1. At 7 Å along Cα-to-Cβ for each site, give me the label-to-label distance between residue 150 and residue 359 in nm.
2. Can you pull the one-decimal nm distance between simple spin-label points at residue 181 and residue 253, each 7 Å off the Cα toward Cβ?
3. Over segment 5-80, average the accessible area per residue using a 1.4 Å probe and give it in Å², no decimals.
4. Give a residue-ordered list of calculated ³J(HN,Hα) values for segment 338-349 (Karplus: 6.51 cos²θ - 1.76 cosθ + 1.60, θ = phi - 60°; whole Hz; x for Gly, Pro).
5. Return the FRET efficiency for the residue pair residue 589, residue 487: r is the Cβ-Cβ distance, R0 is 60 Å, and the value is rounded to the nearest 0.05.
6. Can you list the aspartates and glutamates whose alpha carbon sits under 16 Å from that of residue 166, skipping same-chain ones fewer than 8 residues off?
7. How much of the accessible area of segment 94-194, in percent, comes from carbon and sulfur atoms when a 1.4 Å probe is used?
8. Under 12 Å from the Cβ of residue 549, count the other residues' Cβ atoms, weight Lys and Arg +1, Asp and Glu -1, and hand me the total.
Amino acid sequence: SRHAAAIDRLVDAGARAIAYDVSLSAGDASINAALSRARRAGVRVVMPIRFRVPGSNGRGYDADPTPAGAEAGHAVIRPDGDGVVRRINLAIDGTERWPEVAALLTEDRGGDLALATLPPFERRPISEPLLGVGERLIGFRGPPGSFRTLPMKAVLADEAPRELIKGKLVLVGVTASGMGAQFSTATSSRTGTMSGIEIEASLAADLLEGRLLQTTGPQRSLAMALVLLWGVMVAMLILRPGVAGLFGIGLMALLLFGSAAGLVVFGRWPEPAVAVVALLIGPPLWAWRRLVVVNDWMTAELTSLGDLGLPRRNNRAPSDPVTRATEMLAATIDRVEELRRLADAALRDLPDATVLIGREGGIAAANGAAIALFGDDPTPIAINRAFTEKLPPFGPETLEDPHSMWRGEFQATDGSTREVRFTPWRDDAGKPLGWIVRFADISALRRAEAAREEALQLLTHDMRAPQASILALVDREPDMAPATAERLRHLARRTIGLADGYLQLARAEAGGYAMGEVDLAAIATEAVDELWPQAQARNIRLVSRGLDDEALMTGNHGLLLRAVVNLLGNAAKFSPDGSTITISVEPERNDWRLDVTDEGPGVPADLQKNLFGRFRTGGTMGGVGLGLAFVRSVAEGHGGLARCTSVPGDGATFTLYLPGLISAPKALAAE
């Protein structure tokens with residue numbers, strides 16, 4: 001009767017609609033009469049159904065009827081697994097659909113729109129349990145007491161201001177602690193629990209404002225956690241540990257801020273708890289696992305080094321694995337430092353200027369001789385600056401140039417002649433690190449070569465001058481017997497040829513001649529042109545093969561031409577008139593093969609072994625015996641060799657094997 005009187009007072013005060021969170025008996029006449037009067041006044045009254053689960057006689061549930069004239073809804077509130085209420089179902093489906101009390105209360109002001117989003121109703125057998133549909137988050141307005149309240153006593157005594165009730169949606173329920181259902185919510189942690197009627201009021205406020213709060217779902221929350229966890233793990237791989245830790249903390253703060261912003265701005269709650277737990281637990285576990293792996297690997301590697309011959313830092317072997325690995329690492333570092341000092345001393349004490357140059361062209365180290373040669377400042381920066389001022393940049397691009405000063409000699413600022421020699425600098429696995437470059441002082445060698453050249457010139461001049469005089473006297477002496485004159489001419493010409501051949505051979509054996517990119521096929525063609533008049537005079541055919549294509553190599557054009565001319569000249573000398581001489585150039589593996597084949601008498605087998613020695617000839621027509629020695633010296637000076645193949649009576653074939661165009665810097669850069 002008191003509730004019936006309260007309904008009458010609320011209707012008289014002009015309430016727009018009334019919702020109860022209290023179950024009332026369906027058979028009470030006073031309640032039924034009050035509901036009839038409210039309906040006639042146009043005020044809707046919503047009351048909750050009381051469910052008993054499980055039901056009687058094998059039923060999934062029993063539902064107590066609501067008083068006649070009241071709209072029936074559900075007021076079921078279920079906490080999450082952690083005991084906190086965060087969400088509620090807009091309807092419960094069974095043998096019929098029961099909307100939530102707050103949704104019915106606001107049916108004409110937003111509740112109907114929310115209910116319209118529910119999936120179509122499908123009747124469930126009475127034997128099956130109830131099914132909640134339309135789950136959504138509750139947008140709490142604050143801690144308990146955030147909504148305006150009136151005590152029931154004030155309403156019954158007609159003491160409540162009518163303007164506070166008129167046109168309002170009124171919810172009736174128990175708020176006193178200990179008298180009704182109380183729940184923990186996200187906003188009641190400091191002030192205790194929140195009553196069910198306030199939770200209903202929060203949902204009604206959401207529906208009135210059209211505020212839809214939903215979770216992103218467990219799958220998306222898990223995906224977000226995995227993405228953030230992988231982000232932190234990648235940061236731990238590429239960043240320093242301290243920076244990676246700050247990155248993880250910042251990522252966690254960004255996660256919490258983004259979750260709150262998503263809830264407030266977009267009404268979507270990504271449930272960051274899983275991601276926060278992953279960020280708190282995942283990185284430490286992963287770091288611990290990495291520490292275990294690194295410690296085991298480091299211990300195994302240091303153990304494989306064996307006894308380093310260094311004393312322990314203490315007499316007692318540590319039992320802690322990490323401490324033991326640290327002790328071994330400290331001993332290894334001491335040994336490596338000792339080896340580094342040894343390597344520095346070895347580099348420093350080298351007599352020639354030597355530098356270590358990295359792959360990018362910068363100097364990694366230099367000895368004292370290099371510092372003295374290129375500058376007084378021993379720092380690598382100063383040496384690099386001196387290099388850029390006095391030498392072109394060192395690197396693959398300049399080393400590919402056969403005319404680069406890095407591939408030959410240069411005149412140093414101290415007046416000495418320096419020869420640049422370099423070799424690839426590799427680690428123990430063979431991976432290229434750069435180059436070891438030595439600036440060898442060859443001043444004394446070049447002075448000796450100049451003196452030798454001067455002596456050779458003097459010697460050949462002293463040999464040629466008398467012979468030239470003899471030839472002149474013979475030509476001016478008409479009374480000399482023709483046979484004697486011809487004999488003298490032959491001896492004089494032989495002596496002059498011997499002097500020229502010896503000079504050329506000495507120059508070829510001296511080495512150090514300028515190298516460049518040459519075409520062996522073009523050189524062979526030029527040699528054929530030079531021997532053409534001599535061959536035509538004796539009706540000898542010169543046949544060339546493979547001379548139309550390029551045969552590129554690194555060599556000295558003049559010496560190679562002289563060597564090929566010598567081979568063709570020997571072939572013409574020993575070939576009968578009207579015969580054929582064949583010259584060919586073809587590739588063989590990584591080399592070029594040049595063959596000169598004649599149809600002469602051939603070379604006896606006992607002479608072939610020493611045929612390319614000094615003063616050796618392979619026939620009976622004379623010669624000074626230096627031509628083939630010159631050919632051999634030129635071939636060996638180019639990194640190749642010379643061979644002869646002959647069957648007596650069936651001609652001979654002289655072969656030059658010369659390396660193709662090779663660029664060591666390219667090979668290093670390719671690796």
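1. 8.4
2. 4.1
3. On a per-residue basis, segment 5-80 sits at 46 Å².
4. 5, 5, 5, 5, 5, 5, 4, 5, 5, 5, 5, 8
5. Numbers: r = 50 Å, r/R0 = 0.83.
The pair residue 589/residue 487 has a calculated efficiency of 0.75.
6. Those aspartates and glutamates meeting the cut-off are 8, 12, 158.
7. On the way: 3120 of 5880 Å².
Here it works out to 53 percent.
8. Working: positive: 545; negative: 519, 548, 550, 586.
Summing Lys/Arg as +1 and Asp/Glu as -1 gives -3.
The values are calculated or read from the model by the stated rules, or taken from the named source; none is laboratory data. As the structure is a prediction and not an experimental result, all values here were calculated from the model. Here Cβ is always computed from backbone atoms with ideal geometry, including for glycine, and neighbour counts include all displayed protein chains. Surface accessibility is based on the protein's heavy atoms, side chains included, excluding ligands, DNA and RNA. Shrake-Rupley method; radii C 1.70, N 1.55, O 1.52, S 1.80 Å.
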